[in-house]
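Here's the structure we're looking at; comments come further down.
Every number in this text was worked out from the coordinates using simple rules, so none of it is lab data. Since this is a predicted model, take the numbers as computed values, not measurements. Here the Cβ positions follow ideal geometry from the backbone for every residue, glycine too, while neighbour counts run over all protein chains shown.
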Amino acid sequence: MSPMPTATQPTLYRIHPVSFRDGNGDGVGDAHGMIAALPYLSTLSIDGLVLPQALATQDAAAVATQGLTLWYCDGPNHIRRAAAAHQQYLLSPLALEVVPFSVEKLVEVLNARRVTLADSLWSTGDADQPRVVSHWGQGNLRSADAFLTLLAMLPAPICLYQGEELGLPHAAGLQDPLGAQTPMPWHEAPEQVTSGEIHWYQQVAIEHRALAISRQQYDNQSTLRYCQSLLALRRLPVIQQGELSIVSQRNGVVRLLITHQDQCLEALINLQPYTQAAAPSEATLPLAWQHGAQQEGHQWVLAGFASAIFTRNVSCESRGVTHG
């Protein structure tokens, strides 16, 4: 398989190997497990993987067969592409920059960095931080969709930490005190687990098992399927080549307006747990793609943590975006 063209604003996926997937049955994540997961990762519409440098060198060929680029952490604040020393980004974890979390602070940070947004790699968490559902969403599982929308709609390089596409919450306990490092839930039930994976399954927090990939991949309303659609939408030229013209908020509903030539995309994201009304600008009507939103006259009613994305001169339908 030939590599895909390099995205202007790539979508990367950061793996913490010891908690990602166990490939040899010893109860610890490893390179064999990561390679076995590559077909799954390719379905996410990501462009590359962020790995520790040793793995990035060792498994470059296997990752390349899936059309993915390899990146590694070059110090605590930089992400570098393994095969291109000149291509690197400053890591900008929103979870650390927006502290304490508030919608007002989030908008302030994005506005302050709006002109240079594409110079940084934006993320919502990593192995050393509580997962965004717990850190920002107060444990409400519905909040995962809102924060995924926020991240995915940024016209800048972004990075998902493993499990964010499933909406995993913080789950401390078992053998690991850090919730962001509890193992990925690949299987929902013991009968789905092979003999070599049984120890791995036993380490997965019980509250995570209901969010397992084996369940979410067949549920059209799941966070996983929603994330796949969002990341496919990110490949539109208006995001890949556009600019964040406006970022604002009203009553906790964040508005992002992205423009590129005669195209524009507007996202309304309700970061509150209760229903709110919001009206898009006329510039982006009439095409809309909604997730948990309903139209009432000229307004849209967004359920708690729901989103609506409006576009002009962009065909979402051609990409099969029908979720919501």
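The table for this structure:
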item: Selection from His78, Pro52, Ile35 lying farthest towards where the dipole of segment 15-82 points positive, charges on Cβ; result: His78
item: Around His199: net Lys/Arg minus Asp/Glu count, Cβ-Cβ under 12 Å; result: -3
item: Label-to-label distance, nm, for residues given as Val18 and His32 (7 Å Cα→Cβ offset); result: 1.9 nm
item: Spacing of the two label points (7 Å from each Cα toward its C-beta) at Asp262 and Thr65, in nm; result: 4.5 nm
item: Extension gain from His86 to Arg225, taking 0.36 nm per residue of separation minus the Cα-Cα distance; result: 46.6 nm
item: Separation in nanometres of the label points that stand 7 Å from Cα toward Cβ, at Gln53 and Asn77; result: 1.8 nm
item: On Cα atoms only, tilt of 103-112 relative to the major axis of the chain in degrees; result: 90 degrees
item: 0 to 90° range, to nearest 10: angle between helix 143-152 axis and the chain longest Cα axis; result: 80 degrees
item: Per-residue [θ]222 nm for the chain (sum of -39500 (n - 2.57) over DSSP H runs n ≥ 4, rounded to 500); result: -5500 deg cm²/dmol
item: Net lengthening on full extension, Gln203/Ser102 (0.36 nm per residue, minus Cα-Cα); result: 33.0 nm
item: Tensor-based shape of the chain (alpha-carbon gyration tensor, a/c under 1.5 rounded, otherwise prolate or oblate); result: prolate
item: Additional length obtainable on full extension of the chain from Ser195 to Gln294, 0.36 nm per residue less Cα span; result: 31.0 nm
item: With at most 12 other Cβ atoms within 10 Å, longest stretch of the chain clear of loop chymotrypsin sites (Phe, Trp or Tyr not before Pro) (DSSP); result: 1-217
item: Kirkwood-type radius of segment 188-279, with distances r between different C-alpha atoms, in Å; result: 16.6 Å
item: Calculated FRET value between Ala279 and Ala303, using beta carbons and R₀ = 22 Å, to 0.05; result: 0.85
